[in-house]
1. Any residue in the stretch 108-129 that's at positive phi and surrounded by fewer than 21 Cβ atoms within 10 Å (Cβ to Cβ): show its pairings with residues that are modelled with pLDDT of 85 or more and outside any helix (DSSP H, G or I) at Cβ separation under 9 Å, as long as the two are six or more apart or on different chains.
2. Take the stretch 171-206 and flag every residue that is more than 22 Å from the chain's Cα centre (by Cα) and not charged (D, E, K, R).
3. Out of all the residues in the stretch 258-291, which are buried (at least 17 other Cβ atoms within 10 Å of the Cβ), at pLDDT below 75 and in a helix (DSSP H, G or I)?
4. Within the set of pairs 6 or more residues apart or between chains, which connect a residue that is surrounded by 11 or more Cβ atoms within 10 Å (Cβ to Cβ) inside the stretch 180-201 to a residue that is in a helix (DSSP H, G or I) with Cβ atoms less than 7 Å apart?
5. Return yes or no: is Q224 among the polar types (S, T, N, Q), open to solvent by 60 Å² or more (accessible area, probe 1.4 Å), under 30 Å from G261 (Cβ atoms) and part of a helix (DSSP H, G or I)?
6. Considering only the stretch 66-79, I want to know if a residue exists there that is of a type in the set (D, E, K, R), under 22 Å from I113 (Cα atoms), modelled with pLDDT under 75 and outside any helix (DSSP H, G or I).
7. Would you check if F174 is among the aromatic types (F, W, Y) and open to solvent by less than 100 Å² (accessible area, probe 1.4 Å)?
Amino acid sequence: EDGISCSSGHFICSDDFSRYCKEKLQLESRDEFELNEFEIYCPLRETGECRQSRAFGVKEIADHTTRDIFKTLMKIRANLLASNEKRVRNGPRKECQIYAECDTDTLHQDDGIECSNGHFICAKDFTRLVESQTEILLRFEEKGGMVRCPFFDKGCNSEPFTDDEIKLTSVDAFEALMKGRMRLKESVYAREIEGLQRKLRDYENKEAMEFPERRKRDIQDACQYITENILNVHCPGYKHVYAEVEGGDCMATTYGTYFCGYCEEMEETSHQAHEHTSQCLEVFMFVNTMS
């Protein structure tokens, strides 16, 4: 996102790419611009290191140059096209289907844009059309962020106008399209953020409702653990709670286990338990403490 790559993979940061495009605006560079058929190519094309990459698209140029550079570049491109007779002036005249902002009755193909079904709109009316279609974001989103023939709602099934068609018809129309798409993207992001915030609020409300009950269960579990595992005496072998034991220093449970009453060392027989107790260090420590 910090720059642009040509189709051959050569990366140029946005600042350098913007300066490179600005150079094309200088008078001495315009002949080269014309030689390249008014397209912006990878800078390495000039040194012969990159001859296979395609020209940068209009959106790529718009995203990685300043607004002033992009607008001036597109205007120079349009003027150079006109001065080199790239516009076909000898073709049949065209009649604008909107005819609201037309300057002349002698319109030709390159004075506007035509949908695939033959509906022609002059450049000025087309600019107003783009501005109106991008103004209502909901409808613009329904159209996929694309500009369609003004007769689309009346049954014209032509394909949306491409970005290249729009920018060649009117730089102002293309700028309005880019602004509309930016507002649409911001609107989509705002809805997504609002949805996430709503989910967070719902989660916090749910947690607030469930916390007292969960806290109550935690306290009950803790009480049960203290009662069963701390207050009750357990056999060290089987961890059974026992109420009575036989013996003094040596313990014998009613279900046949034997262990030292001081260190709780388990033994297999009562004799072994007594023998262990006579040598148990815990016994000596207890006696010394008592004395």
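1. Within 9 Å, the pairs are G118/S158.
2. If the condition is that a residue be more than 22 Å from the chain's Cα centre (by Cα) and not charged (D, E, K, R), then V171, A173, F174, A176, L177, Y203, N205 are the ones that fit.
3. Hit for the stretch 258-291 is V283, nothing else.
4. Qualifying pairs under 7 Å: G180/T134; G180/F140; R183/L137; L184/L137; L184/F140; L184/E141; S187/L137.
5. yes
6. no
7. Taking the combined requirement at face value, the residue satisfies it.
For every residue, the table says whether it meets (1) under 18 Å from F174 (Cβ atoms); (2) at pLDDT below 85; (3) among the polar types (S, T, N, Q).
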site	(1), (2), (3)
C96	no, yes, no
D103	no, yes, no
H108	no, yes, no
G112	yes, yes, no
F120	no, no, no
D125	yes, no, no
S132	yes, no, yes
I136	no, yes, no
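The values are calculated or read from the model by the stated rules, or taken from the named source; none is laboratory data. This is a predicted model, so every value here is computed, not measured. Counting neighbours? That spans all protein chains shown, and the Cβs are built from the backbone with ideal geometry, glycine included. Heads up: the accessible areas ignore ligands, DNA and RNA and are worked out on the full protein's heavy atoms, side chains in. Shrake-Rupley method; radii C 1.70, N 1.55, O 1.52, S 1.80 Å.
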